[in-house]
Amino acid sequence: MENITINVAGMKCGGCENTVKTALLALDGVAAVEASHKDKTVSVAFDGGKVSEEQIRQVIGANGFQVA
Ligand SMILES: [Cu+2]
């Protein structure tokens, strides 16, 4: 299992956090997600054999948030 913390701009409330969490947890290989609009971070625990960091970043961006 790998852990990454990504800087993400554009989250403004708990709803945005939930949007990110739901989208990432739908990916096969993502085990856990923590999102904070206050800290502007998304932390993801994932199986690197099933999903890549690049895919995770793309999904965050596809949901309307800006990955730093
Ligand atoms: Cu929001």
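Here are a few things to note about the model shown:
- Estimated dipole of the chain in Debye, rounded to 20 [Cβ of Lys and Arg +1, of Asp and Glu -1, Cα centre]: 280 debye
- Rounded to 10°, Cα long-axis angle of helix 14-25 versus longest principal axis of the chain: 10 degrees
- Rolling a 1.4 Å probe over the protein heavy atoms gives segment 2-67 an accessible area of 54 Å² per residue.
- Longest site-free stretch - the chain; sites: trypsin sites (Lys or Arg not before Pro), DSSP loop, at most 11 other Cβ within 10 Å: 39-68
- Mean separation of Cα contacts under 8 Å (6+ apart) over length of segment 2-67, as relative contact order %: 41 percent
- Across the chain the C-alpha pair distances fall into 5 Å bins from zero in the proportions 4, 20, 37, 25, 12, 3, 0 percent.
- Of the residues 33, 13, 58, the one whose Cα sits farthest towards the positive end of the charge dipole of the chain is 13 (charges of +1 on Lys and Arg Cβ, -1 on Asp and Glu Cβ, taken about the Cα centre).
- The heavy atoms of residue 65 present about 20 square angstrom of accessible area, all protein chains included, probe 1.4 Å.
- Ranked order, 53, 34 - accessible area, probe 1.4 Å, largest first: 34, 53
The values are calculated or read from the model by the stated rules, or taken from the named source; none is laboratory data. None of the values given here were measured: they were computed from a predicted structure. Ideal geometry is used to build each Cβ from the backbone, glycine not excepted, and the neighbour counts take in all protein chains shown. Please note that ligands, DNA and RNA were not included when accessible areas were found on the heavy atoms of the full protein model with its side chains. Shrake-Rupley method; radii C 1.70, N 1.55, O 1.52, S 1.80 Å.
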